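Q: Let me begin by handing over the structure; questions about it come next.
Quick note: the coordinates plus some simple rules give every number you see, no bench work behind them. Here the structure is a predicted model, which means the values were calculated and not measured. When we count neighbours, we look across all protein chains shown, and the Cβ atoms used for this are built from the backbone with ideal geometry, even at glycine.
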């Protein structure tokens, strides 16, 4: 008779001293782990609920301006510095880690229409309603020195926007036409225009640095080539675009913030159809900025909220609002892709977290592992109805909520009429136009 | 045995066009052609082979099921997921090397029948620690005993018919509590850990602490005959004389469902550990399967000619063993066809049945206990020859294999006996699920995590992986509703639009010709498909008609 009994030596399973780690032998056999799918589902449900519990995105409000904040600019090398221009001509430089203002400059008489930093971070440019372009030093004036611009350029018309080249000592302003300036000259090296309209904003492409995009009040977006000093092509939309922003990761993608409550992501090579139409705002979209990852962007709107959209989806994943925040004029995503700053009508700049339930600071390895596991679970089970319902739920202020209901009824009515028109006419006579193509009027080369 | 796929198949060599200096193309290292300085070659090139059955054990995706009308993007994503699952199952199969313990075994020499080997011989032949696991508690005073091991296999609770209830750590023989509840005890169960006991007393259900303090008396569960605890749902299922099957959620203390089984007195109950379905045996020979979500049984299986005396389900949920008043012991296949796989006539009917973690089946017939074993872990026990037998000092009233140990606990009218059954227990436990060597801190952490991931009772159904399947019905319904709402089908193929070509190739005539070509092609495809369908239908009709007996009216059939 050959016999062997299962006998375990407790020394192999129990720790030697109180100071040792506990021993946890693992066996991944599925029969020892029954109900895998329901247990994971419950864990995903808990993870989604906890994400909503810990979603507290508001960090700080920077107080100091005496009039509405009109424009924001990021420091290219320093994460903690941000510049803002107000409607009374004041420019302030803030330190985000200490949450205070480190410098104040009375830059212009009238609005500060645009502000941009030089790529090296040593100076910045401002344009204002007093038809001047001023260049200032980033470090403050020394002891006993007056606050004076490095350089002032007097123009003939009002400039409405400014943007600096990402690599060369060149900047562009817009007003009646788009001017490209060399920093050493007082006259623009070239002026480009297409049509008789005023241009509201201009942006350089961060990847293909010779490309520029601008938005005109003629409801069009014009793309320029700086090397050839000519406009390339333009796309005419239904309503006016307020600003555009280029995707820092994809060279040819840009997003336009439009007055018809939508944002349009275009591929520069094929402007006839937008890649995606982003619909979630209930009032004009005033500003848009991309995250440095190139996967998401944030938009500021005249309805008093800011929304975060993924590039490939047409609905927002997050909405931030506060009772105290009125019409949001400008928004920026910080260069470490973790925070969002917005400047609004009521003289405050607010700092928010990009991921509302993220824990800030250094995480231990166990915290990181738990966070990654929960993230993967939420992704895996995101389509289940109960989990989707909880993940999607956001509190909205009454004004926005009632506007959404109203606009939904209006859209439904329009769609129903369209469907009836198609049904009761000869098949093929009423063309079915996709939602994307509806808003583009024409593309001109 | 099958070799696992080799990494890094032939990658075409890259040629750098800019750097003309580099003349030789870059080559990927081929492990087979690598020679060391001494000229020796690896006698076992490539990664180590992994046995196929072990890899199969870890595969969870059913590759034969296809999604109807899925898009190319979905299909490509599923392919990627399937490839990933293959890789991970191979890795998991490799990790089996790290399992420390081997299962026990008992083999007779030279055709010796293992059934003739008695417990005393085994105790002599085995080491001291294992020999100490065999003990007899002589408790004749307080009636026949029923027993239950806790989920980790470390603690044992038993209750005698005359009210004696005790809980102890049977490995160290340390008594936790011993009380007399002054009432008949019909069944006893540990709840999720060794801290709480449920005792089905004569009138009501009582919950005790492991120190013997009575915590709850649940009057809604009256005249309970059998108890079962579903560990992952924290549900205590009670079968009563009144014919009701009641599910009590012990984490919140609410009765989740009280189902009327409509079959008279409920005496025989067992749970399926794979899908948490309760099996009830009835006096008309049927076994019904219950879930708290449904008022009707999920299934009813006709098992025996007379009443069903005992039911047991194995840990993988594949086999169900039943014994009836007709002296038959049958093993049914629970996954797929609910047909009996093997039958055996017993001289006395078996009143109690239990499965071990490794698939051994024990039957208690009077005061004799028979154990049958199968070939491997996945096969059903073969009922030809018993593996072990033992005679006890009184008729058997309760049977359970100790989890993770080679021990069978028997409750009889003379007390409790712990028998040695080599090869019964799972040798390698998972420390995060049930760890017999856990400390107090580990138990507390485990309890919190288990409560957090408690599965809701509505998810109990015959297939525990049903939640992972695509809900095809809702998907199709949603598609229909969308088409209705929009007025057109957004996923339908758009009509062919010929692309305008340069150099005069885009005149009206050529556009019309191109359109015509595509339309003709589609038409031909349609005609081919319909012809094929017609042919298939004809074949089926022929097959049907040749099978049936020819009748005079056949001439009128088209």
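Q: Just the number, please: Stokes-Einstein D of segment A:166-234 in µm²/s, Kirkwood Rh from C-alpha pairs, 4 °C, 1.567 mPa s.
A: D, rounded to a whole number, is 108 µm²/s.
Q: Additional query: What list of whole percents do you get for P(r) of segment A:383-445, with Cα-Cα distances grouped in 10 Å bins up to the one holding the largest distance?
A: 15, 26, 31, 22, 6
Q: Let's test this: bin the Cα-Cα distances of segment B:247-332 at 10 Å from zero up to the farthest pair and state each bin's percent.
A: The percentages, shortest bin first, are 18, 48, 28, 6, 0.
Q: Using Cα pairs closer than 8 Å and at least 6 residues apart in sequence, work out the relative contact order for segment B:175-250, in percent.
A: 22 percent
Q: Among B:472-485, B:499-512, how do they line up from the highest to the lowest mean number of other beta-carbon atoms within 10 Å?
A: Packing proxy ranking, top to bottom: B:472-485, B:499-512.
Q: Largest first and to the nearest Å, give the Cα extent of segment B:417-558 along each principal axis.
A: Cα spread of segment B:417-558 along its principal axes, largest to smallest: 91, 67, 34 Å.
Q: Shifting gears a bit: How many Cβ atoms of partner chains, on average, are near each residue of A:109-122 if near means within 10 Å of its Cβ?
A: If you average over the peptide's residues, the count of other-chain Cβ atoms is 0.
Q: Would you please give the FRET efficiency between residue B:379 and residue B:131, computed as 1/(1 + (r/R0)^6) with r the Cβ-Cβ distance and R0 = 35 Å, to the nearest 0.05?
A: 0.70
Q: Would you mind checking the radius of gyration and Dmax of segment A:123-275 based on alpha-carbon positions, in Å?
A: 16.2, 58
Q: In whole percent, what relative contact order does chain B give with Cα contacts below 8 Å and a gap of six or more residues?
A: On the way: 1025 pairs, mean separation 55.3, N = 558.
Across chain B, relative contact order equals 10 percent.
Q: Moving to a separate point now. From the alpha carbon gyration tensor of segment B:180-293, can you work out the equivalent ellipsoid semi-axes (sqrt of 5 times each eigenvalue) and give them in Å, largest to smallest? List each step's numbers first, then the result.
A: Values: eigenvalues 98, 53, 28 Å².
Equivalent-ellipsoid dimensions as semi-axes: 22, 16, 12 Å.
Q: What would the Debye equation give as log₁₀ I(q)/I(0) for segment A:272-345 at q = 0.21, 0.22, 0.28 Å⁻¹, counting only Cα atoms as equal point scatterers?
A: With no solvent term, the Cα-only Debye profile gives -0.88, -0.95, -1.37.
Q: If you don't mind, another one. Below 8 Å between Cα atoms, with a sequence gap of 6+, how large is the relative contact order for chain A in percent?
A: 13 percent
Q: Could I ask something else about it? At a Förster distance of 35 Å, what's the computed FRET efficiency of residue B:516 paired with residue B:66, Cβ-Cβ distance as r, to 0.05?
A: It comes to 0.50.
Q: Among B:341, A:21, A:237, which comes first, second and so on when ranked by fewest other beta-carbon atoms within 10 Å?
A: Ranking B:341, A:21, A:237 by Cβ neighbours within 10 Å, fewest first, gives A:21, B:341, A:237.
Q: Using only atoms on other chains, find how many Cβ atoms lie within 10 Å of each Cβ of peptide A:17-29 and report the average. Working shown, then result.
A: Values: counts 0, 0, 0, 0, 0, 7, 3, 7, 11, 9, 14, 12, 10.
Average neighbour count from other chains, rounded to a whole number: 6.
Q: Once the cut-off is 36 Å, how many percent of the Cα-Cα pairs in chain A end up in the long-distance tail?
A: When every Cα pair of chain A is considered, 38 percent fall beyond 36 Å.
Q: Here is a follow-up. Given a Förster distance of 41 angstrom, what is the FRET efficiency for residue B:109 paired with residue B:73, based on the Cβ-Cβ distance and rounded to 0.05?
A: 0.05
Q: Can I ask one more? Rounded to a whole number, what is D in µm²/s for segment B:142-186 from Stokes-Einstein with the Kirkwood radius over alpha-carbon pairs (25 °C, 0.890 mPa s)?
A: Details: Rh = 10.6 Å.
Answer from the Stokes-Einstein relation: 232 µm²/s.
Q: Enter the mean projected area of the convex hull around the alpha-carbon atoms of segment B:278-323, in nm², rounded to one decimal. Walk me through the numbers before you get to the answer.
A: On the way: hull surface 13.2 nm².
Average projection, Cα convex hull of segment B:278-323: 3.3 nm².
Q: May I ask for the distance between the Cα centers of segment B:416-446 and segment B:449-521, given as a whole number of Å?
A: Segment B:416-446 and segment B:449-521 have Cα centres spaced 51 Å from each other.
Q: Kirkwood hydrodynamic radius, computed over distinct alpha-carbon pairs, for segment A:203-262: how many Å, to one decimal? Write out the running numbers ahead of the final one.
A: Values: mean 1/r = 0.0853 Å⁻¹.
Mean inverse Cα-Cα distance, inverted, gives 11.7 Å.
Q: Taking every residue in B:461-468, how many Cβ atoms of other protein chains lie within 10 Å of its Cβ, on average? Can you show the working numbers first?
A: Numbers: counts 1, 0, 1, 6, 4, 2, 8, 7.
Whole-number average of other-chain Cβ neighbours for B:461-468 is 4.
Q: Report, in deg cm²/dmol and to the nearest 500, the calculated mean residue ellipticity at 222 nm for chain B, where each DSSP H run with n ≥ 4 adds -39500 (n - 2.57) and the sum is divided by the residue count. Mind dumping the intermediate values first?
A: On the way: 7 runs with 109 residues, N = 558.
Here the helix-only value at 222 nm equals -6500 deg cm²/dmol.
Q: Give me the extension gain from residue B:533 to residue B:242: residue separation times 0.36 nm, minus the current Cα-Cα distance, reported in nm with one decimal.
A: 99.0 nm
Q: Label segment B:132-207 by shape, choosing from rounded, prolate and oblate, from the square roots a ≥ b ≥ c of the eigenvalues of the Cα gyration tensor; if a/c is under 1.5 it is rounded, and otherwise prolate applies when a/b is larger than b/c, oblate when it is not. Could the numbers behind the result be given before it?
A: Values: a/c = 2.15, a/b = 1.26, b/c = 1.71.
In terms of gyration-tensor shape, oblate.
Q: Compute the orientation-averaged projected area for chain B from the convex hull of its Cα atoms and round it to one decimal in nm². Intermediate results must be reported in sequence, preceding the final value.
A: Details: hull surface 186.4 nm².
Mean shadow area of the hull around the Cα atoms is 46.6 nm².
Q: What do you get for Rg/Rh over the protein assembly as shown if you use C-alpha atoms and the Kirkwood form of Rh?
A: 1.08
Q: Right, another one. For segment B:64-128, take the alpha-carbon Rg, divide it by the Kirkwood Rh, and send me Rg/Rh. Could you put the intermediate results ahead of the total?
A: On the way: Rg = 24.5 Å, Rh = 17.3 Å.
Rg/Rh for segment B:64-128 comes to 1.41.
Q: Something else: Add -39500 (n - 2.57) for each DSSP H run of 4 or more in chain A, then divide by its residues: what number comes out at 222 nm, to the nearest 500 deg cm²/dmol?
A: Values: 5 runs with 72 residues, N = 445.
That calculation yields -5500 deg cm²/dmol at 222 nm.
Q: To continue, here is another question. Mind ordering B:89-96, B:408-415, A:427-434 by average Cβ neighbours within 10 Å, highest first?
A: Working: B:89-96: 16.8, B:408-415: 23.1, A:427-434: 9.6.
So the order, starting with the most tightly packed, is B:408-415, B:89-96, A:427-434.
Q: Sticking with this one: Under a no-solvent Debye model with one identical scatterer per Cα of segment A:347-402, what's log10 I(q)/I(0) at q = 0.19 Å⁻¹?
A: -0.93
Q: Given points 7 Å out from each Cα along the Cα-Cβ axis, report the residue B:54 to residue A:59 separation in nanometres with one decimal.
A: 5.0 nm
Q: I've got another one for you. Checking a compactness column here: for segment A:66-173, what do you get for Rg(Cα) / (2.2 N^0.38 Å), N being the number of residues? Mind dumping the intermediate values first?
A: Working: Rg = 13.0 Å, N = 108, 2.2 N^0.38 = 13.0 Å.
After normalising by residue count via 2.2 N^0.38 Å, the value is 1.00.
Q: Give the distance, in whole Å, between the Cα centre of segment B:363-412 and the Cα centre of segment B:229-253.
A: A separation of 27 Å, based on Cα centres.
Q: Hey, another quick one. Any idea how far apart residue B:485 and residue A:182 come out in nm if each label point goes 7 Å out from Cα toward Cβ?
A: A separation of 5.9 nm, rounded to one decimal place.
Q: Inverting the mean 1/r over all pairs of different Cα atoms, compute the Kirkwood radius of segment B:48-197 and quote it in Å.
A: Answer for segment B:48-197: a Kirkwood hydrodynamic radius of 21.1 Å.
Q: At 7 Å along Cα-to-Cβ for each site, give me the label-to-label distance between residue A:100 and residue B:44 in nm.
A: Going from the residue A:100 label point to the residue B:44 one covers 6.9 nm.
Q: Something else now. If we restrict to alpha carbons, what Rg and Dmax does segment A:304-445 come to, in Å?
A: 20.9, 67
Q: Moving on. Multiplying the sequence separation of residue A:443 and residue A:156 by 0.36 nm and subtracting their Cα-Cα distance, what value in nm do you get?
A: Numbers: separation 287, 0.36 × 287 = 103.32 nm, distance 3.14 nm.
This chain segment gains 100.2 nm when fully extended.
Q: Mind jotting down the distance between the C-alpha centroids of segment A:200-247 and segment B:84-142, whole Å?
A: 77 Å
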